[in-house]
Amino acid sequence: MIEQAVAPVPTGAPTAEPILRLRDLRVTFDTVGGPARAVRGVSLDVFPGEAVAVVGESGSGKSVTMLATLGLLRGAAVSGSATYRGTELIGLAPSRLRHVRGAKISMVFQDPMTSLNPVLTVGRQLDMVMRAHNPDMSKKATRARAVDLLDQVAIAQAARRCDAYPHELSGGMRQRVMIAMAIANEPEVLIADEPTTALDVTVQAQIMDLLGRLQRERQLSLVLITHDLGVVAGAADRLAVMYAGKLVEHGTVPSVFAEPGHPYTRGLLACLPRLDRRGEMQAAIPGIPPSPLSLPPGCPFAPRCPDAVTACTEHEPVLVRTATSTIACSVHAPAAVVR
Ligand code: ADP
Ligand code: MG
């Protein structure tokens, strides 16, 4: 049965209160080419202890959504709501936001080399992260905890590595250091933005294993941002697919993988390399995503969509709940007619 999704609570979501709650979040950049509507009304819940993957091609608005949530965007018009345990983060005073960021919610980025300070040792950077939120901690205490944290992220010879500079470590090890910094203040939510994109395939798997282990052991809420659906299967409970600044599908990972509802999700899944089809040409969704400066009328995916009909270019679809997930597609989940 298809019904109008009135409440934006994701299909298959646990019943607890969300720890992170986005409602109609919008981000517009003022650019020389005009307003760039990078995020156009995202509503998403993240519940305690769950892993949510936010997936979509490059430019779909995944990073900007999370950066806006944490107040890390300059020069952008942000509207809508993003609450952490009921506290509104949008428009929150910088001093109060800093209290949340890095302590309650922390973030791991794609490129650990640009996020680490090249002239400070790993131990010193861990010390700074801890003391930013616990100024009374002694040097001795932060040092002991730094070694323990490096141990927890499976860095061998943690005491010695504490005195290393970032350039003395491999890419994978630098990402482990970033993860150690992100968990140093025992956050409840970890946002990992393309955490393995800059790494070799074997190291990617190790970092995903590490994130999964930390998430389970610490009952962290994990928001995993990725353009690669391939890393999602073992790593996330729920999946939110973004296209052109909006969610186009969300649901549990098993149901969306078994029965993707939106043609865009189907396209992304069809691009995944499969062991049973090794050697075959890998499919790619034809065409490219639209620019947020010039979105096509109607459904922004329509120009690339194999299932598009005329109506798709006339009205932008809204999210509608189906038997397996929630999708925004006029063809596969027509909204109830509003008179
Ligand atoms: P994703 O993380 O999904 O790859 P982003 O969230 O980084 O995509 O970007 C979404 C859109 O916003 C892109 O079209 C990008 O070019 C645009 N964008 C991001 N940052 C800025 C900025 N500072 N100024 C103008 N446009 C931006
Ligand atoms: Mg990004």
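The values are calculated or read from the model by the stated rules, or taken from the named source; none is laboratory data. No experiment lies behind these values; they were computed from the predicted model shown. Cβ sites come from the backbone with ideal geometry, for glycine too, and all protein chains shown count toward neighbours. Just so you know, the surface numbers come from the protein's heavy atoms only, side chains and all, with ligands and any DNA or RNA stripped out. Shrake-Rupley method; radii C 1.70, N 1.55, O 1.52, S 1.80 Å.
Take the residues in region 59-87 that are open to solvent by 60 Å² or more (accessible area, probe 1.4 Å) and under 19 Å from the mean Cα position of the chain (by Cα), then tell me which one is nearest to ligand 2 (Cβ to nearest atom).
The extreme case among them is Gly59.
Out of Gly80, Gly41, Gly56, Gly75, I need the residue that is at pLDDT 95 or above, near ligand 1 (Cβ under 10 Å from one of its atoms) and on the phi > 0 side of the Ramachandran plot. Which one? Quick ask: steps written out before the conclusion?
Numbers: Gly80 fails: near ligand 1 (Cβ under 10 Å from one of its atoms); Gly41 fails: near ligand 1 (Cβ under 10 Å from one of its atoms); Gly75 fails: at pLDDT 95 or above.
Only one candidate passes the filter, namely Gly56.
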His133: passes all of (1) farther than 30 Å from Gly287 by Cβ; (2) in contact with a helix residue (DSSP H, G or I) (Cβ under 7 Å, 6 or more places away or on another chain); (3) open to solvent by 30 Å² or more (accessible area, probe 1.4 Å) but (2)
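Within region 22-58, which residues are acidic (Asp, Glu) and buried (at least 20 other Cβ atoms within 10 Å of the Cβ)?
Let us first name the residues in region 22-58 that are acidic (Asp, Glu), namely 24, 30, 45, 50, 57.
Residues satisfying the conditions are Asp45, Glu50.
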Would you mind listing the helices (runs of 4 or more DSSP H) fully within region 122-186 where at least 1 residues are under 27 Å from the mean Cα position of the chain (by Cα)? 122-133, 139-152, 171-183
Members of region 17-58 that are within 16 Å of ligand 2 (Cβ to nearest atom) and either of a type in the set (S, T, N, Q) or without any contact (Cβ under 8 Å) to a residue 12 or more places away in the chain (or both): Ser58
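This table checks each residue for (1) more than 16 Å from ligand 2 (Cβ to nearest atom); (2) surrounded by fewer than 22 Cβ atoms within 10 Å (Cβ to Cβ).
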position	(1), (2)
Thr196	no, no
Val201	yes, yes
Met208	yes, yes
Gly212	yes, yes
Thr226	no, no
Gly234	yes, yes
Gly251	yes, no
Ala258	yes, yes
Odd one out for Phe109 among (1) within 16 Å of ligand 2 (Cβ to nearest atom); (2) buried (at least 22 other Cβ atoms within 10 Å of the Cβ); (3) outside the structural domain of Glu249 (by TED's automatic domain parsing): (2)
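Which residue, of Arg266, Arg218, Arg238, is in the same structural domain as Glu50 (by TED's automatic domain parsing) and open to solvent by 70 Å² or more (accessible area, probe 1.4 Å)?
Numbers: Arg218 fails: open to solvent by 70 Å² or more (accessible area, probe 1.4 Å); Arg238 fails: open to solvent by 70 Å² or more (accessible area, probe 1.4 Å).
Result of the check over Arg266, Arg218, Arg238: Arg266.
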Selection from region 88-116 of residues that are part of a loop (DSSP other than H, G, I, E, B) and more than 19 Å from the chain's Cα centre (by Cα): Gly91, Leu92, Ala93, Leu116
Within the set of pairs 6+ apart or on separate chains, which have a first residue in region 64-81 that is closer than 11 Å to Val42 by Cβ, a second that is in a strand (DSSP E or B) and within 16 Å of ligand 2 (Cβ to nearest atom), and C-beta atoms under 6 Å apart? Val64/Val27; Val64/Ala38; Val64/Val39; Thr65/Val39; Thr65/Val42; Met66/Ile191; Ala68/Val27; Gly80/Leu25
